[in-house]
Amino acid sequence: MAKISVGELLVRCLKAEGVDMISGIIDGAHIPIVVNTPKYGIRYINTRHEEAAVHVAEGYSRIARKPGVVIGNPACGTGNMLAGVVSAHGEGHPIVAISTLRSRIKSDPNRGGTWQAADTENMARPITKYAATVRQWERLPEMMRAAFRAAMTGRPGPAYIALPDELLLQEIDEDALPPIYPAARYRVTRMGSGDPAAIEEAATLLAAAERPYIHAGKGVLWADASAELRELGDYLAAAMSASLGSRGVIREDHPHYFHSYDMGGAGMARNEADVLLVVGARLGEYDGWGMPPLWGDPAKQKTIHIDADPMSIGLNRPVDVPVVACAKAGLAALLAAVKAKREPRTEITDLAKYREQSLGTLEQGIEFLGQEGKTGVNPGQMVMKVREFFPDDAITVLDGGNTTLIGVAYHPILSSHSFLYSVKMGYLGTGLPFALGAKLAAPDRPVCLISGDGAIGFNLMEMETAVRENLPVVVLVAVDDAWGMEKTAFVGLGFGPEDWADRGIDVAKISYDGIAEKMGCHAERVDRIDQLGPALERSLASGKPAVIHVQVDSELNTKPPGWEQFRQARSMAG
C-alpha cells in the first residue's frame, strides 16, 4: 500500500486551493513540506526574514487576487512571521500562515526550558481570523479548509495553522486519507448580486439623483470589479473617488475622479451629493470616517453600501440601502436596473465649481514641483519622471513616510491592480517584499518600488532574494540620509534642527547602489533629475533587479504635499 508523509498531505491541501507559491525560510522542521512542493507545481521562495516572507505573500495575494501562503519556523521564526501577519490583519490580506512546532511531548504544553517552544497559537489568535494547532493528521484537511474559509470569507484576512514537526514526518496510507475538496465544494466562492429588492431600491435612488457620488474601496479590487464601477459612474455622470488602498480602481486621470488629497473639491462634492454609493469600503480614518466635514450629513443624504462583508456595512456611516453582495455582480445588477429606469447623464452638476475648490491643492503641488533642490533632486520631480517612464499598467509600490506622501501626490495610478502600499498600518519595510510578491504574481508587468531610505533599510537583504529568484524589479531609493517624516513631525510641532540633533534622526550616508551591486543587482546613482531617465532605461534593460540611489533635497523632503491632508485626516474623530 502506497504511503505519503503528512507534509505531502499538507501540500495536496494547498494544491486543492489553487496555491502555486509559498514563501518562508527553510528549516529542518518544514522540509517535509518543501520537498513535496515541486511535484505539485508550487514554487517555494526562500526569503531572508520571515516577516518579509509574509509581505511577499501579501504582495502576491493583492495582484493575483488569491490567498498567499507563508511558512514560519518554530517559536522564534514564527514570532518573526507573526510580525508580518500584523500587516495582513490590518490591510485585509488573505494570508494562510503555517507554523511548525517542536515535538509536542516537550512543547504542548511547554515543560519549561524546551528549545524553541512558545504558545504561538495564542499569540496568533488576536491578529487572525482563525488560529488552531493540528494534533491529529486525520483532521489536517478539515482544518486547512477552516483556515482558507476564514481567510477568504467576508473581509479577507490572515489565518494561522500550526503543526508539530514530528507529525509532518509521519507516514500514512494513501487509502486512509480523508477527502480533500476544492474551494468551490466547501465555501462560498461566488457571493452573487445581493437582494433583488435592495438592488431595485438602490437603482431607484441613483436614477433619480441629481448629484450622485461613488466611492470605491479595496473590495472592488478583490472582486475585479473596476470595469463595472467605472461603467456605472460614467452612465450616471457621477463624481467618483477611491480609498487610498484602492487607487487605480478608477483611472486617476478620469475627468470625474477626485484625488485622495483633494479635500476641497471632493469634500464639497460629497457634501452636496444627494445619493452616495459606497462599494467595498469601510470608510475608515483616511476616508474621514465617511462623516462631516469631509462627507455630508447622513441624515440629509441617502447612502447605499455594497460589500461582501456584512460586518463592514454601515460600520462608520449609517446607510439607507445595505447590499450584501460581490462587488462585481452587485454593480452589474445595479447598472442594469439603473439603465432600465433612465437614460445616461452627460455631465456632473457643478463640476466646475468643485474643480475650483480643488485649485488650492493643485497650486500647492505645482509650487512644490517648481522648486529646485539644493542638496539633491526635487523628490516630486523624481516621482513624476518615474510615472512618465513606465506604462500605465506598471505596478507601483510605495514605502516610507514623506516619500509615500510625495508618491501619492505625483504618481497617478492609471489601471487597476497596479498599486501597493501599507495603507492601514503604514508598515515600513513592506515595499520591497510587496514588490517581489507582485512580480511573482505578474512576471510580465514592470514593477517599480519608490522607497525612502529609512524604509528600505528594514528588508534591504531581500534584494539578494530578488537576484536569486530572478525577479527584475526596479527600486528607487529616495535618499535624504534621515528619517524625513520625523523631521516634518518635529517642524509641525514647532521644533527645529536643534531639537532633533543627536537623536538618531539623521543617519549615516549609505551607498544603496553600492550595497545592491555587491548583491548582484544592477545599480545606479542619481544626483540630478536629468540623470534619472537614462538610469531607468539602463535599469530596465539590464533584465536584473535594479536599485537606483536618488539623492533628494533634504529640505524639500521635509515639506511634502499631502502632509496637511494626512494630519487633517488623522485628526478627525468621526
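How many residues does the stretch 269-289 hold that are touching a residue at least 40 places away in the same chain (Cβ under 8 Å) and outside any loop (DSSP other than H, G, I, E, B)?
Adding up the residues that qualify gives 13.
This table checks each residue for (1) surrounded by 20 or more Cβ atoms within 10 Å (Cβ to Cβ); (2) free of Cβ contacts under 8 Å to residues at least 40 places away in the same chain; (3) not charged (D, E, K, R).
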{"position": "I413", "(1), (2), (3)": "yes, no, yes"}
{"position": "T430", "(1), (2), (3)": "yes, no, yes"}
{"position": "G452", "(1), (2), (3)": "yes, no, yes"}
{"position": "E462", "(1), (2), (3)": "yes, no, no"}
{"position": "L471", "(1), (2), (3)": "yes, no, yes"}
{"position": "V477", "(1), (2), (3)": "yes, no, yes"}
{"position": "D481", "(1), (2), (3)": "no, no, no"}
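For the stretch 1-59, which residues satisfy the criterion of being closer than 29 Å to S422 by Cα, of a type in the set (K, R) and not in a loop (DSSP other than H, G, I, E, B)?
Result: K15, R43.
Would you mind stating whether T37 is at pLDDT 95 or above, surrounded by fewer than 24 Cβ atoms within 10 Å (Cβ to Cβ) and of a type in the set (S, T, Y)? Give the steps one after another, and end with the answer.
Working: at pLDDT 95 or above: yes; surrounded by fewer than 24 Cβ atoms within 10 Å (Cβ to Cβ): yes; of a type in the set (S, T, Y): yes.
Here the answer is yes, as T37 does meet what is asked.
Only one of these conditions is not met by A266: (1) part of a helix (DSSP H, G or I); (2) modelled with pLDDT of 95 or more; (3) among the aliphatic types (A, V, I, L, M). Which number is it?
Here A266 clears every test but (2).
All but one of (1) in a loop (DSSP other than H, G, I, E, B); (2) within 30 Å of G92 (Cα to Cα) hold for R345, so report the exception by its number.
(2)
Tally the residues that are more than 25 Å from E210 (Cβ to Cβ) and in a helix (DSSP H, G or I), restricting the search to the stretch 233-252.
3
T120 versus (1) touching a Ser or Thr at 6+ places or on another chain (Cβ under 6 Å); (2) surrounded by 19 or more Cβ atoms within 10 Å (Cβ to Cβ); (3) farther than 13 Å from A162 by Cβ; (4) not aliphatic (A, V, I, L, M): which is the lone unmet condition?
Status for T120: all satisfied but (3).
Looking at Y257, Y213, Y235, Y261, which is the one that is closer than 21 Å to P322 by Cα and out of contact with any Asp or Glu (no Cβ under 6 Å at 6 or more places or on another chain)?
After ruling out the rest, the residue left standing is Y213.
Of (1) touching a Ser or Thr at 6+ places or on another chain (Cβ under 9 Å); (2) without any contact (Cβ under 8 Å) to a residue 12 or more places away in the chain; (3) not acidic (D, E), T375 satisfies all except one. Which?
Looking at each condition in turn, T375 falls short on (2).
Failed condition for K353, given (1) among the charged types (D, E, K, R); (2) in a loop (DSSP other than H, G, I, E, B); (3) touching a residue at least 40 places away in the same chain (Cβ under 8 Å), with all others met?
Unmet for K353, out of (1) among the charged types (D, E, K, R); (2) in a loop (DSSP other than H, G, I, E, B); (3) touching a residue at least 40 places away in the same chain (Cβ under 8 Å): (2).
Would the stretch 511-532 turn up any residue that is in contact (Cβ under 8 Å) with a residue 40 or more places away in the chain, surrounded by fewer than 20 Cβ atoms within 10 Å (Cβ to Cβ), touching a helix residue (DSSP H, G or I) at 6+ places or on another chain (Cβ under 6 Å) and under 25 Å from Q371 (Cβ atoms)?
yes
The values are calculated or read from the model by the stated rules, or taken from the named source; none is laboratory data. This structure is a prediction, so every number in the text was calculated from the model and none was measured. All Cβ positions, glycine included, derive from the backbone under ideal geometry; neighbour counts span all protein chains shown.
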